[in-house]
1. How many residues are within 17 Å of SER84 (Cα to Cα) and exposed (fewer than 15 other Cβ atoms within 10 Å of the Cβ) when one looks only at segment 100-113?
2. If GLY31 passes every condition in (1) at pLDDT 75 or above; (2) open to solvent by 70 Å² or more (accessible area, probe 1.4 Å); (3) more than 30 Å from GLU129 (Cβ to Cβ) but one, which one does it miss?
3. Filter segment 110-120 down to the residues that are among the aliphatic types (A, V, I, L, M) and at pLDDT 90 or above and list them by number.
4. Starting from segment 138-153, take each residue that is within 21 Å of GLN101 (Cβ to Cβ) and free of Cβ contacts under 8 Å to residues at least 12 places away in the same chain and list its partners that are β-branched (Val, Ile, Thr) and not in a helix (DSSP H, G or I), counting only C-beta distances under 9 angstrom and pairs at least six apart or across chains.
5. Any idea how many residues of segment 121-161 are surrounded by 11 or more Cβ atoms within 10 Å (Cβ to Cβ), of a type in the set (Gly, Ala, Ser) and at pLDDT 85 or above?
6. Of all residues in segment 88-99, which are loosely packed, with under 14 Cβ neighbours inside 10 Å and in a helix (DSSP H, G or I)?
7. State yes or no: is ASN48 modelled with pLDDT under 80, out of contact with any Cys (no Cβ under 8 Å at 6 or more places or on another chain), exposed (fewer than 10 other Cβ atoms within 10 Å of the Cβ) and outside any loop (DSSP other than H, G, I, E, B)?
Amino acid sequence: MKMSKPEFEQFLNDSLNHKQDISPDKDLWPGVERAIATGQPEQTDKPNYGWNKLAAVAACCIAALLTVQLFVGQGEPNSMMAMSDYFTKQKQGLLVQYQNQPALTDNWQQQLKELEEAESAIKQALENEPENPALLQMLSQVYQQQLDLINKVHAPKWQTI
């Protein structure tokens, strides 16, 4: 029903001029008297639109996202530490395995020390840039060179044929 402006004004004037007495469906005075006597308003049943549940779900989602972000944000330094621990264990295992075998060269420990110094320098650079892929690759190569040096000095390929 669409009204033009004059029709609406006429409808509005008619509605204002005809005062209608709107009475409630039940007598409200006993409830008003009880509320005044006890000092508390009478509880009414409010429709629950699920806002509490929606807020709880939203809070859980935000907490989950923050937790994931926290773990992902700390993933890189942990992966570097995991790589470092893995290669340290591998190196220690090889040194224990070859401790009773004679080495082919005398200066292999000096070479190993130089590789460990390079490892230390790369780790120090990684403290400033923990997500630098070039530094992580260099660290991995230094670890591999350490393992290869230990293997080649104690068990060269020509002896294993």
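1. The total comes to 1.
2. For GLY31, the failing item is (2).
3. Residues satisfying the conditions are LEU115, ALA118.
4. Hits for this filter: zero, empty list.
5. 3
6. Within segment 88-99, THR88, LYS89, GLN92, GLY93, LEU95, VAL96, GLN97 meet the criteria.
7. So ASN48 fails the test.
The values are calculated or read from the model by the stated rules, or taken from the named source; none is laboratory data. What you are looking at is a predicted structure, and each value in this text was computed from that prediction instead of being measured. Reconstructed Cβ throughout: ideal geometry from the backbone, glycine too, with neighbour counts over all protein chains shown. To get the accessible areas, we keep the full protein, side chains included, count just its heavy atoms, and leave off ligands, DNA and RNA. Shrake-Rupley method; radii C 1.70, N 1.55, O 1.52, S 1.80 Å.
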